[in-house]
Amino acid sequence: MAEAVKVVDDVTFDDLLANPYPVFKRVRDLGPVVKVEAANIMMVTRFDDIMAIERDPETFSSVNPQSLLNTVIGPNLMRKDGEDHARERAAIDPSLRPGVVKRCWAEPMQAICADVISQIEHKGEAELFEDLAAPIAARALCDILGIEGVDWPTMVLWSQSLIDGSGNYSHNPDIARKAKEAAKGVESAVDRMLPLHRDDPNASMLSSMLQAGQTVEQIYANIKVAIGGGLNEPRDSILTLILGLLQNPDQLARVRAEPSLWGQAFEEAVRWISPIGMYPRRLTRDVEISGTLVREGEQVGLCVGAANHDDRRFSDPERFDVFREKKSHLAFGAGSHFCAGTWVSRALVSQIAVPMVFERLRNLRLKDPELVRVRGWVFRGPTHMPVVWDA
């Protein structure tokens, strides 16, 4: 007989923001599906269960008309399945394929990283969130989207405002206002750029979407999705990889001595602290998840950040270990919704930005380990990381 969904009601929302991993472990050990009252969602936290769910999109649907993501951004590919999703995904994929990343985006990303680092390297100290990772990620995203005339602080503001608005389940009017302003700003930027991309087809995402025959409404929505998720993921990955290596100097020394290990170090970083830690699925029928019954119409949160710390799959999962046994992780999701920007992130973070940081900022080290802040659970990463080096 199927079990009912268990409930955890003694965890606060700030517990999740500060460090969700003890909560995730407790939930994982309690059952395959557990409702955490503070988050107001039923969490799926085990690796194998999430993989099974992602193989069954007909039962576990991304489609949710009531989603705040649709309200804030408009109908978008993240909340679509089947042919509708496939068409919109096919419209952006040409800009993000490995060969295109290498051929079209690697050189501009190299130039962006060199420019950002040159602005700080003489100082001998910096706060890497604001001074390094955010401008690199925002400027690279502008290039790939095909947006000109928008500075990186505006891109960061738009991204955070759209993310906050999509999670505004308390209906905070200030958050809603900022999200609406960000959405209008993105649409205005797109409107300015569309004539250029119509007249001059190129490798950018805007151009690719136009060539695929997407409507303006589809372009608006999916550019907002890209700004919402495509900025924080590489930003947080840059910081996480630097943090993991600075906290483990023996691993850093070996990676620097063997540059072929940079990719392996990146994969461990996003497993260790997954930048995108949870996304929802809605049930289209009653179903048992590893013996726990969940009803049609309910929504479950696939906690990939928790699955990447599942001790059934990863030994000593809390530890950053570049040299752990190789196993696939879920930091980029799975199935048809596997992150479209994966190859951009891998190239920017592990091939360009972080190797350049360690090459240019000699003897880089944390200013004070106690000052480092890592926060979030749906989106998680270092939010404050002061460092010093030998200028």
Check your understanding: Using a ≥ b ≥ c from the Cα gyration tensor of segment 1-134 (square roots of the eigenvalues), is it rounded, prolate or oblate, where a/c under 1.5 gives rounded and otherwise the larger of a/b and b/c decides, a/b for prolate?
Key -> oblate
Check your understanding: How high is the FRET efficiency from residue 284 to residue 325, r the C-beta distance, R0 51 Å, rounded to 0.05?
Key -> 0.90
Review point. Can you tell which of 284, 261, 331 lies farthest toward the positive end of the dipole of segment 258-360, using +1 and -1 charges on the Cβ of basic and acidic side chains (Lys, Arg; Asp, Glu)?
Key: 284
**Study point:** Peptide ranges 177-190, 267-280, 303-316 listed from the most packed, as the mean C-beta count within 10 angstrom indicates
**Key:** 267-280, 303-316, 177-190
Exercise for review: Would you grab the residues whose amide H sits under 5 Å from the one on residue 384? Only those 5+ places off in sequence or on another chain, please, with H modelled 1.01 Å from N.
Suggested key: 373
Point to revise | Signed unit charges on C-beta, dipole axis of the chain, positive-most listed residue 71, 12, 249 | key: 249
**Study point:** Lys/Arg +1, Asp/Glu -1 at C-beta; segment 91-177 dipole; positive extreme among 128, 160, 101
**Key:** 101
Study note, to complete from the structure: Shape call for segment 130-252, from the Cα gyration tensor axes a ≥ b ≥ c (a/c under 1.5 means rounded, otherwise prolate when a/b beats b/c, else oblate), comes out oblate
Exercise for review: Assign one of three labels to segment 81-183, namely rounded, prolate or oblate, based on the Cα gyration tensor with a ≥ b ≥ c the square roots of its eigenvalues; rounded applies when a/c is under 1.5, prolate when it is not and a/b is larger than b/c, and oblate otherwise.
Suggested key: oblate
**Study point:** Residues of the chain: accessible area per residue with a 1.4 Å probe, Å²
**Key:** 44
Practice item. Using Cα pairs closer than 8 Å and at least 6 residues apart in sequence, work out the relative contact order for the chain, in percent. Key: 26
Study note, to complete from the structure: Taking a crude spin-label model, label points 7 Å out from Cα along the C-beta direction, the residue 130 to residue 38 distance in nm is 2.8
Revision key, fill the gap. Simple spin-label estimate for residue 157/residue 264, 7 Å along Cα→Cβ, in nm, reads 4.4
Study note, to complete from the structure: In nm, the gap between the two label points placed 7 Å beyond Cα toward Cβ at residue 84 and residue 17 is 3.3
Review point. R0 = 22 Å: FRET efficiency of residue 373 with residue 10, Cβ-based, nearest 0.05?
Key: 0.35
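Report the charge-dipole magnitude of the chain in Debye, nearest 20, computed about the Cα centre from +1 at each Lys and Arg Cβ and -1 at each Asp and Glu Cβ.
Charge dipole of the chain: 340 debye, to the nearest 20.
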Review point. Lysines near residue 326 by alpha-carbon distance under 23 Å, same-chain residues fewer than 8 away left out - which ones?
Key: 25
Practice item. Evaluate the charge dipole of segment 132-239 about its Cα centre and quote only its size in Debye, nearest 20, assuming +1 on the Cβ of each Lys and Arg and -1 on the Cβ of each Asp and Glu. Key: 180
Exercise for review: Pull up the cross-link candidates among the lysines for residue 367, meaning alpha carbon to alpha carbon under 28 Å and not fewer than 8 places away within one chain.
Suggested key: 123
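Equivalent-ellipsoid semi-axes (√(5λ), Cα gyration tensor) for the chain, whole Å, largest first?
Equivalent-ellipsoid dimensions as semi-axes: 31, 28, 19 Å.
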Check your understanding: So, by mean Cβ neighbours within 10 angstrom, what's the order for 17-23, 196-202, 68-74 with the highest one leading?
Key -> 68-74, 17-23, 196-202
**Study point:** 24 Å Cα-Cα reach of residue 184 towards lysines, excluding residues that sit fewer than 8 places from it in its own chain
**Key:** 80, 224
Review point. Between residue 119 and residue 362, what FRET efficiency comes out of the Förster formula 1/(1 + (r/R0)^6) with R0 = 22 Å and r the beta carbon distance, rounded to 0.05?
Key: 0.85
Review point. Relative to the Cα centre, what is the charge dipole magnitude of segment 102-161, using +1 at the beta carbon of each Lys and Arg, -1 at the beta carbon of each Asp and Glu, and rounding to the nearest 20 debye?
Key: 280
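The values are calculated or read from the model by the stated rules, or taken from the named source; none is laboratory data. It should be emphasised that the depicted structure is a prediction, and the values quoted were computed from it without experimental measurement. Note that we place each Cβ from the backbone using ideal geometry, even for glycine, and neighbour counts take in every protein chain shown. Areas reflect the complete protein model, heavy atoms only, side chains present, ligands, DNA and RNA absent. Shrake-Rupley method; radii C 1.70, N 1.55, O 1.52, S 1.80 Å.
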